[in-house]
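Student: Can you read through this structure? Questions will come right after.
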Amino acid sequence: DQPLSRARVLIVEDTPVNQLVAAEMVKRLGLHADVAGNGVEALDAIDRLPYDLILMDCQMPVMDGFEATRRLRAHERQHHIKRLPVVALTASAMAEDNAPCLNAGMDAHLSKPFQDDDLTSILSMYLRAEHRDALA
């Protein structure tokens with residue numbers, strides 16, 4: 001079992017203020033946070049380091065979160081890699097906005113701005129057991 005501080009979350013967000021806020025929230029929970037500014041940077045980061053979960057903004061320049069997630073899922077299938085949880089970060093709380101996220105291969109979504117409790121719930125659902133225990 002890895003200690004919680006070794007759990008890695010990749011935050012994929014193009015807005016610097018949102019990057020900072022999300023990274024601080026993740027770090028307050030005792031997790032390691034890295035930031036990517038778009039889908040291309042996210043895919044590069046995933047190639048370099050093992051992550052336990054991705055928080056993926058949907059609307060970004062260069063490559064949006066939907067395309068980045070589709071490419072990640074294709075890569076996982078092609079190389080028989082364990083599925084990495086991807087949580088969409090959306091600007092809307094509307095239920096119908098969840099469908100494009102799921103269709104792209106995302107596992108869940110958080111509406112921005114989200115609170116610590118919302119983030120903790122999502123992380124508790126998707127992080128591996130050894131990380132979940134430390135969040136409880």
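The values are calculated or read from the model by the stated rules, or taken from the named source; none is laboratory data. Values in this document were obtained by computation on a predicted structure and should not be read as measured data. Cβ sites come from the backbone with ideal geometry, for glycine too, and all protein chains shown count toward neighbours. We work out accessible area using only protein heavy atoms, side chains counted, and drop any ligands, DNA or RNA first. Shrake-Rupley method; radii C 1.70, N 1.55, O 1.52, S 1.80 Å.
Student: Under 5 Å between amide hydrogens, which residues at least 5 positions from Ile11 or on another chain qualify, with H placed 1.01 Å from N in the peptide plane?
Tutor: Asp34, Val35, Ala36, Leu55
Student: What's the carbon and sulfur percent of region 1-119's accessible surface, probe 1.4 angstrom, rounded to a whole number?
Tutor: Details: 3290 of 6160 Å².
It is 53 percent, rounded to a whole number.
Student: Going by average Cβ density within 10 Å per residue, which order do the peptides 9-21, 114-126 take, highest to lowest? Intermediate results must be reported in sequence, preceding the final value.
Tutor: Values: 9-21: 18.5, 114-126: 15.3.
So the peptides 9-21, 114-126, ranked by packing, come out 9-21, 114-126.
Student: Would you please state which residues of region 56-70 a label at Val17 would reach in this model, taking the label point 7 Å out along Cα→Cβ and a backbone N cut-off of under 16 Å?
Tutor: Taking a point 7 Å out along Cα→Cβ of Val17, no residue of region 56-70 has its backbone N under 16 Å.
Student: Something else about it: Consider the candidate values [x] 50, 41, 25; [y] 43, 37, 29; [z] 34, 33, 26; state which one is Cα extents along the principal axes in Å computed from the structure displayed.
Tutor: Correct label is [z].
Student: All other residues with a Cβ under 10 Å from the Cβ of Leu84 taken together, and with Lys, Arg as +1 and Asp, Glu as -1, what is their net charge? Walk me through the intermediate numbers first.
Tutor: Values: positive: Arg73, Lys82, Arg83; negative: Asp52, Glu76, Asp107.
Around Leu84, the charge tally is 0.
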